[in-house]
Structure formats: C-alpha cells, structure tokens
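J.: Below you will find the structure I want to go over with you.
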C-alpha cells in the first residue's frame, strides 16, 4: 500500500515537473520572440559593457524574469556558439525581437554612416547630401518621407534606403489614423501644411501659432497668403531669392501662389520634420488669422482681425 502511494506521488511530482518545464519553455519562447520596447533606434555599446547593463539601459518595461531569461539565453550562446556582444553603434528597428536584437549586437556594428535630412530642405539640398553616400540617386518627393536622422546599414543601396524612409513615414502616419486632422486632410495636404510651417516658422511655439492661422483661414475659405509659396513659385523651388519680395510678385499667376489661389498648394514645398508633424496633429487652437514678421523683434506678430493686424503692421513700419 505504501509503495502504491509513493508511486502515485512520484507520478504527480513528475507531472508537475514536466508541466512546469513546458510552461517555462513556452514563456521563454514568448520572451525571446515578442517585439521589444527599444528606447532608441541607435544603440551604443561601450567597450566592456555587460549584458545586464545593456538590456536594462536599452529595453523599456523589462521584467526581472524576462531579464533573467535573456541573460540565460545569452550565456548559453556564449558557451555553445561563442557569441559575445560587440561594442560600437547599432541600428535597431523599432519592431524587433530579443532573438534578433541579440543576434545583431553579437556581430560587428551594422552602422557605417548616418544621414541627416534637415526639415525645410529642398530636393537639391537633399540630393547633394545623398551624393556623399550613394553613386546613383533619384529625387525623393517631399510628401514621401519625414526629415530626420537615418542610419545607413552595411550593404545598403539607395533603393533600399529610400524604401526604408517611406516605410518609416507610413508607420508614423498610421499612429494618427484616428486623429481629427488626419480625418479632415489627406496625407499630401498634411505634409503640405508641414512644409509651410518649416518655411515660415521660427521655433515650436511660432509653428504652433502659424498652424492655427492656416487651419483658421482654411476653415473660413480665406486665401492663405503665405510668402514662402510665392518664393517657391518665383524660384521654381530653389528659394534662391537675392532680393526682397515685391508687391508685383504677389500677383504672379502660379498654382503655388497662395495670394492668388484659395486653399493649400498642390504639394509640399520642402521636406517636413517629425516635430512639425507632431505640431499639426496637436491641432493647436487660437483665434489668430493674420501675422507678419517683425524684424527688429525677430519674431512674428499675430492678430485676430484685419484691423488689429493693419494697426500693428503700421506701427512697426513707422518705427523702422
């Protein structure tokens, strides 16, 4: 009788052990294959840095048990596959598993260059920058990408680089599918508004106010009357004006001249940065409808009515 009881408990204990091992294996598989919350797309590993320090500094919301599993996997790779983390810079995609991450950092740095696309740049300026990295390039449409710093991986060609930029922009826009601005405007129109802000705005607060003016004028069916669009039209997108805008310039018959045509220009007039797109989706509200640049104060002056705007503008001109 005692032997049967002992045999029963051994079977139960064995079942518990096997079940625990299966659950542990499945959880470990989940931890190693799920997408991580990476703190930055460019990771720097210092010489002699330990795996624990690297994981804690670069992965957000990592539980202690998850950290332990990743350490065990890494140590096992050391022993069985002779894989060790390398120091240097590594470009990490946002949607990446622990397995892929550990594979990347167990090889030499995958970053050979970084390319910065400056918000407000023209096609010509970007093409000049890209010519430093690629033998053959093509014009990249303003509406296709977001101005930012990008990291060029080994064996990357222009076609793959361009495709990656378009994918990054698409992922960014997908985050705002339910935003009221996205529902009211097309992506091309949003990028166009962003390009106007890049050419007109001085800083974040200035861009916020100008964005509110643009939205207010569009809502009231008013012409935008933005100087940057006239300069774009006059210079064919080169912005190489060597003189001030004249009154007669504002009358040029061109689809990008917002003094003549209602609504937004057909397409963006420059590359747009993420910070500026964030401002657009914030949908900053004011009652401003007019603004002008005060050179002596080095800032834009905003007004709610034309009478207020004309008074401020006359006061400024009389003080010059």
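The values are calculated or read from the model by the stated rules, or taken from the named source; none is laboratory data. In this text, all values refer to a predicted model and were calculated from it rather than measured experimentally. Positions of Cβ are generated from backbone atoms using ideal geometry, with glycine treated the same way; all protein chains shown enter the neighbour counts.
J.: Quick check on my filter: what residues within the range 132-154 are surrounded by fewer than 15 Cβ atoms within 10 Å (Cβ to Cβ) and at pLDDT below 90?
T.: Hits for the range 132-154 are 132, 135, 136, 154.
J.: Can you tell me which residue in the range 104-120 is modelled with the highest pLDDT, limited to those that are under 16 Å from residue 161 (Cβ atoms) and assigned to a loop (DSSP other than H, G, I, E, B)?
T.: Going through the qualifying residues, I end up with 117.
J.: Next question. Identify the residue in the range 247-275 that is at pLDDT below 95 and not in a loop (DSSP other than H, G, I, E, B) and, among all such residues, is surrounded by the most Cβ atoms within 10 Å (Cβ to Cβ).
T.: Only one residue fits best here, namely 249.
J.: Oh, and also: Does the range 83-103 contain any residue that is out of contact with any helix residue (DSSP H, G or I) (no Cβ under 7 Å at 6 or more places or on another chain), loosely packed, with under 12 Cβ neighbours inside 10 Å, at pLDDT 85 or above and under 25 Å from residue 23 (Cα atoms)?
T.: Scanning the range 83-103 turns up no residue that is out of contact with any helix residue (DSSP H, G or I) (no Cβ under 7 Å at 6 or more places or on another chain), loosely packed, with under 12 Cβ neighbours inside 10 Å, at pLDDT 85 or above and under 25 Å from residue 23 (Cα atoms).
J.: Specify the residue that is nearest to residue 205 (Cα to Cα); the eligible residues are those in the range 293-310 that are surrounded by 14 or more Cβ atoms within 10 Å (Cβ to Cβ) and out of contact with any strand residue (DSSP E or B) (no Cβ under 6 Å at 6 or more places or on another chain).
T.: That would be 299.
J.: Is it the case, given these coordinates, that residue 197 is under 27 Å from the mean Cα position of the chain (by Cα), crowded, with 17+ Cβ neighbours inside 10 Å and outside the structural domain of residue 120 (by TED's automatic domain parsing)?
T.: yes
J.: Search the range 178-192 for residues being touching a helix residue (DSSP H, G or I) at 6+ places or on another chain (Cβ under 8 Å) and either at pLDDT below 95 or in a helix (DSSP H, G or I) (or both), and hand back the single one that is surrounded by the fewest Cβ atoms within 10 Å (Cβ to Cβ).
T.: Out of the qualifying residues, it is 187.
J.: Still on this structure: Give the range 27-82 a look and list any residue that's surrounded by 13 or more Cβ atoms within 10 Å (Cβ to Cβ), part of a helix (DSSP H, G or I) and in contact (Cβ under 8 Å) with a residue 60 or more places away in the chain, or say none.
T.: Passing the criteria: 31, 32.
J.: Consider the range 282-292. How many of its residues are surrounded by fewer than 18 Cβ atoms within 10 Å (Cβ to Cβ) and outside any loop (DSSP other than H, G, I, E, B)?
T.: Here the count works out to 2.
Yes/no per residue for (1) assigned to a helix (DSSP H, G or I); (2) out of contact with any strand residue (DSSP E or B) (no Cβ under 9 Å at 6 or more places or on another chain):
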residue	(1), (2)
164	yes, no
176	no, yes
194	yes, no
198	yes, no
231	yes, yes
245	no, yes
